[in-house]
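The values are calculated or read from the model by the stated rules, or taken from the named source; none is laboratory data. Since we're looking at a predicted model, the values are computed, not measured. Cβ atoms come from the backbone with ideal geometry, glycine included; neighbour counts cover every protein chain shown.
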Amino acid sequence: MKGKTINVDFNSPLEIRTIGLKALKNTLGVAGMARFIQQYENGIGNYTEEKYHQPELSLSELDAKLGG
C-alpha cells in the first residue's frame, strides 16, 4: 500500500500523535483505530514483580481453583 509522505516534526510528540491517529483512522476506520490502540494500553500493576508471587499450581489444582 502506497501513501503520501508527510513532513513531520519528530520533536513534537503532539504532532506525531495527531498525524498517527489520523493515519490509523483513514486506514482502519474509527472502530479499527480504537481496536488497534486498545492493544497498546498500559496494564496495571507490576508484572515483573508480581509473577514471582504467584503460586505454581498443577493443572488439577488450577482446575479446582477455577471451580472445575
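Within the stretch 32-39, the presence of at least one residue that is on the phi < 0 side of the Ramachandran plot, at pLDDT 80 or above, under 16 Å from the mean Cα position of the chain (by Cα) and loosely packed, with under 10 Cβ neighbours inside 10 Å is confirmed.
Looking only at residues of the stretch 40-60 that are part of a helix (DSSP H, G or I) and acidic (Asp, Glu), we find that the one that is modelled with the highest pLDDT is GLU49. Assessment of the stretch 4-27 against the conditions (assigned to a loop (DSSP other than H, G, I, E, B), at pLDDT 80 or above and out of contact with any Cys (no Cβ under 9 Å at 6 or more places or on another chain)) yields at least one matching residue.
Residue pairs whose Cβ atoms lie under 6 Å apart, separated by 6 or more positions or on different chains, with the first residue in the stretch 16-41 and more than 13 Å from ILE6 (Cβ to Cβ) and the second basic (Lys, Arg), are MET33/LYS25.
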